[in-house]
Amino acid sequence: MAMIALNYGENPQQQGFVTADAGSQDPLAITRFTLPDGSPALSDAASMSWSTLKEFDNSLEAITRVAAAFEVNLGEVPKIAVLTSRGTPFSAVAGSSDSVIKLAIENEFRSAYGAFLVTNVEITEQTAYKIRQWMGENRPFLGIAAPAIEASAAAYFERKARKCHLLANPAMAKLGRSSLRQEIMAHAIRGATVSQQPNPYVPTLPAEWDADLKADMSLAWGICAASPSSCITVVKDRNLIANAAGYVQLVTATENAVLHAKLTQRTEMLIGASVCSDSFFSFADAVDHLARRKVKAIFAPSGSMRDEEVRNHAREFDVLFHTVPASEGRIFYGH
């Protein structure tokens with residue numbers, strides 16, 4: 001396995017490299033992706049950075065988690081569009097057509113510039129033309145990963161500086177639980193390499209929940225499971241309303257989720273929303289922030305000494321509160 005030089009590392013003053021595993025059996029491995037002209041994705045590595053490939057990988061984690069939850073709980077996978085930046089999914093939509101891309105852009109228009117788009121929608125020339133209209137002039141993505149990208153579509157994503165990296169893989173059209181990462185995950189630390197198996201957990205939501213609630217929670221869970229902990233993810237009508245990730249305390253994450261909904265003028269969408277947490281609530285204050293905004297349901301692992309207090313507080317506000325033991329369903333990611 002030879003090291004291939006990247007344009008730069010995490011920062012321009014750092015040299016970056018990628019080492020491809022030609023023997024990987026993962027259908028979503030970077031070696032299975034191609035450029036619009038059919039050449040291997042990494043044949044263009046010299047124009048990519050460390051951040052490009054990290055955003056690509058984080059985006060795949062998000063969309064495969066979302067797809068797995070939909071397949072398990074609703075029996076089918078919708079059209080999905082996810083935008084990520086700085087290692088965190090910040091906009092996501094599930095639906096029935098390429099309009100999921102339009103909504104993902106509109107929901108977070110200011111942040112969409114320079115983000116990585118991953119979708120199970122094929123990018124034809126017609127779709128590329130529409131995306132260019134939705135993005136506005138001179139607002140390109142860092143990259144796009146999709147089941148197919150027509151060669152004639154590439155011109156719509158040209159950038160003045162650097163590239164919008166266009167990566168295609170037919171396996172993106174068949175996402176589901178089997179698409180989840182299977183191979184060992186490794187990370188270098190000083191003097192050693194730590195590794196672990198991927199998190200195999202996918203929730204089975206309560207049978208009495210209706211399809212709309214299951215769909216919203218499936219999207220919320222998938223995004224939360226691919227975000228830095230601690231994380232609070234809010235979804236309404238198959239639209240990601242807020243994803244407050246990377247906080248030490250869940251109460252801070254809930255406060256910022258509510259604030260983000262306000263800043264994007266979607267406070268009213270908190271009413272009836274589905275909320276996912278990647279870990280248990282140590283105190284009821286975080287749940288209180290959400291319950292007073294009249295969210296409909298909360299999913300969170302259990303394991304706190306105050307589990308019963310937290311659950312009872314949610315019941316006081318008629319919030320559905322679904323838990324599984326943290327030993328089974330904790331979804332920390334990105335450590």
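Kirkwood hydrodynamic radius (Cα pairs, Å) of the range 39-127?
Across the range 39-127, the inverse of the average 1/r is 13.8 Å.
Once you reduce the range 142-194 and the range 1-44 to the center of their Cα atoms, the two points are 10 Å from each other.
DSSP beta bridges fully contained in the chain are about 65 percent antiparallel. Ordered by the number of other Cβ atoms lying within 10 Å of each residue's own Cβ, fewest first, F56, F283 fall into the sequence F283, F56. Take the chain, connect every pair of alpha-carbon atoms lying under 10 Å apart with a spring to form a Gaussian network, then pick out the residue of L240, L60, L103 with the largest mean-square fluctuation. Answer for the Gaussian network model of the chain: L103.
With 22 Å as the limit on Cα-Cα distance, the pairs of K79/K130; K54/K296; K54/K130; K79/K236; K214/K236; K79/K102 that go past it are K54/K296; K54/K130.
Computed from backbone phi, the HN-Hα couplings of the range 42-54 come to 7, 5, 9, 4, 5, 9, 9, 10, 3, 5, 4, 6, 5 Hz, rounded to whole numbers (Karplus: 6.51 cos²θ - 1.76 cosθ + 1.60, θ = phi - 60°; Gly and Pro given as x). Taking a cut-off of 17 Å, what percent of all Cα-Cα pairs in the range 143-230 are separated by more than that? More than 17 Å apart: 71 percent of the Cα pairs in the range 143-230.
Taking the chain as a whole, the Cys residues whose C-beta sits 4.7 Å or farther from every other Cys C-beta are C164, C231. Computed across the chain, the Kirkwood radius stands at 20.3 Å (inverse of mean 1/r, all Cα pairs).
Applying the Kirkwood pairwise sum to the alpha-carbon positions of the range 70-214 produces a hydrodynamic radius of 16.9 angstrom. Restricted to Cα atoms, the range 1-153 shows a radius of gyration and a Dmax of 15.6, 47 angstrom.
In the range 201-329, the ratio of gyration radius to Kirkwood radius, Rg to Rh, stands at 0.92 when only Cα atoms are counted. Placing +1 on the Cβ of every Lys and Arg and -1 on the Cβ of every Asp and Glu, with nothing else charged, gives the chain a dipole about its Cα centre of roughly 600 debye.
Summing Lys, Arg as +1 and Asp, Glu as -1, what charge do residues with Cβ under 13 Å from the Cβ of D44 carry, D44 excluded?
Residues near D44 contribute +1 overall.
Taking E108, E76, E208 as the candidate residues, the one with maximal mean-square fluctuation in a Gaussian network model of the chain, Cα springs under 10 Å, is E208. Could you work out which residue, out of A215, A151, A300, moves most in a Gaussian network model of the chain, that is, has the largest mean-square fluctuation with Cα springs under 10 Å? Of A215, A151, A300, the most mobile in the Gaussian network model is A151.
No value in this document is a laboratory result; all are computed from the given coordinates. Just so it is clear, the model here is predicted, and its values are computed rather than measured. Because the Cβ atoms are built from the backbone with ideal geometry, glycine has one as well, and the counts that use them run over all protein chains shown.
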